[in-house]
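Just so you know, all these numbers are worked out from the coordinates, no wet-lab data involved. Predicted, not measured: the structure shown is a model, and the values here were computed from it. We place every Cβ from the backbone using ideal geometry, glycine too, and count neighbours over all the protein chains shown.
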Amino acid sequence: MESRKKRRKRSKSHPSKFKIRVRYKYHYYRWINTQDYGSFKDIYEKYKDKGYSFWCVPKGDSVFTNPGIESMGEQIDSIVSANGNYELPSRYFERDYTGDLVVVKPFLLPETRLTPEHPVLSCESKPQKSKWYEHQMRPSLRKTWKPASELTEKDWVFFPLFKGSREGDPELLYLLGLYMAEGYPTGNQVYFALGHTERQLAEHILRMAEKHWNVKGTINRHRTGLLVRFSKASLADFMRTEFGSRAVSKKIPSWILEQRDPQPFLEGWLKGDGFKRGNTWRLTTSSKTAAYQALLMGSRLGILPAIYEDDRKERGMIQGRKVNAKPSYEIRFHKDGSKYSNKESHVVKTDNGFWVKINKIERERFSGKVCNMETPSNTYLLSFIVHNCADLPPEYSSQDGTWTGYRLDGDKTHTESTLKRYGRHKAWIDSSYKFEGKPVILVYNAC
């Protein structure tokens, strides 16, 4: 039998200068033959549709950021990572893509679209045996990165436990929760819109506002209900900046999201826009951002709420007036204290987050821009945790019309030790491209 030392020596003498070895992280390797290295642009253009895989998300799809959600492709200041903290993305990437997308819809969570090779943090199912209950599938808790195209409805995806360490006054948080549900700014005024039967709540709002905001208000009766009004320009500007000005654009400020105990805020929000029934809390909002933020707040309480979207387009009637119905989101918090159940479980809580079972996987045809980003932890949160960028395409400069390869070691010029360290299957010298008169190392797996 050939010794390991001889095999290693033989592999080093492999004539790799006529091959490019493309590495797919957490996946597989692939050799691509070429007569010579040529320029980076020529190789990329020749083989980009024959095996190269760049993990991406359609431009415009939602990603969890600070303080709520943003669209992929925008300049994002920070994202939520697998450890539940905010991280600063270091680079963004965008390219054209025509092909299939994998649409993954977990239970409770919104659906997510990915290119087929995009790795997803997942684990497989494991049957739970009991002589008292029916066998149920539970996550094996053995983490693995699996391409989206290989996911099945027996797999589980991961939603992290969002971290928070701020401490706030519970009564003030309750008041802000009421504002989230019933409040809005107009000019220099701040209003709370309540029902005819909520006089006691209106008086409570007056007392809390005078205590915490040092402002006195009035209660006015209208045909639609009660209006609690406060006249203070600085308060109106603050509410407009922190919470948004319209119902569809409302958001929760980051300093509330990061509260160690966000329950007082949720209590106020539920008082205005929801209700409690048994172990279930239900909230309704027309703001997509607020609905997604409720997922982060729920995870702080050890509950992963469900989001249901009602995308009605028909016209409705409000007090005799025809209006266009806007999409609304129902958020359901289910508090179940029982550890064992004969009901099928779709969510399993761990110390670091929640494993959520996949409900449905579909394919859809797509043609357009797709994006990705690079993060310190190599992860970010869509509706579940995915990996960040993969092997990168060359970077094009529109100023001088040149293509630049990525350098694995970050240096501007090459050295023999760099080639020896990373190997010629990952990096090579392109004699046709020079920086400051010296050849540059070009690499394919720069992440």
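Brief remarks on what is shown
- Ranked by how many other beta carbons lie within 10 Å on average, peptides 294-301, 184-191 from highest: 294-301, 184-191
- Counted charge near Gln259, where neighbours are those whose Cβ lies closer than 13 Å (Asp, Glu -1; Lys, Arg +1): -1
- Spatial separation of Cα centroids for region 94-169 and region 206-283, in angstrom: 34
- Overall form of region 187-246 per C-alpha gyration tensor (a/c, 1.5; a/b vs b/c): oblate
- An oblate overall shape is assigned to region 79-165, the ratio a/c of its alpha-carbon gyration tensor axes (a ≥ b ≥ c) being 1.5 or greater and a/b not exceeding b/c.
- Across Lys216/Lys251; Lys211/Lys276; Lys146/Lys357, pairs whose alpha-carbon gap is larger than 18 Å: Lys216/Lys251; Lys211/Lys276
- Per-pair calculated FRET efficiency, R0 = 25 Å: His204 and Asp261 via Cβ, rounded to 0.05: 0.75
- Total formal charge among the other residues, if their Cβ is under 15 angstrom from that of Met72, Lys/Arg +1 and Asp/Glu -1: -2
- Whole-Hz couplings from phi, Karplus 6.51/-1.76/1.60, listed for region 106-113; x for Gly and Pro: x, 4, 6, 8, x, 6, 9, 10
- Net charge in the neighbourhood of Asn214 (other residues with Cβ under 13 Å of its Cβ; Lys, Arg +1, Asp, Glu -1) is +3.
- When you count the other C-beta atoms within 10 angstrom of each residue and take the mean per peptide, 302-310, 377-385 line up highest first as 377-385, 302-310.
- For region 157-290: rounded, prolate or oblate by the Cα gyration tensor [a/c cutoff 1.5]: prolate
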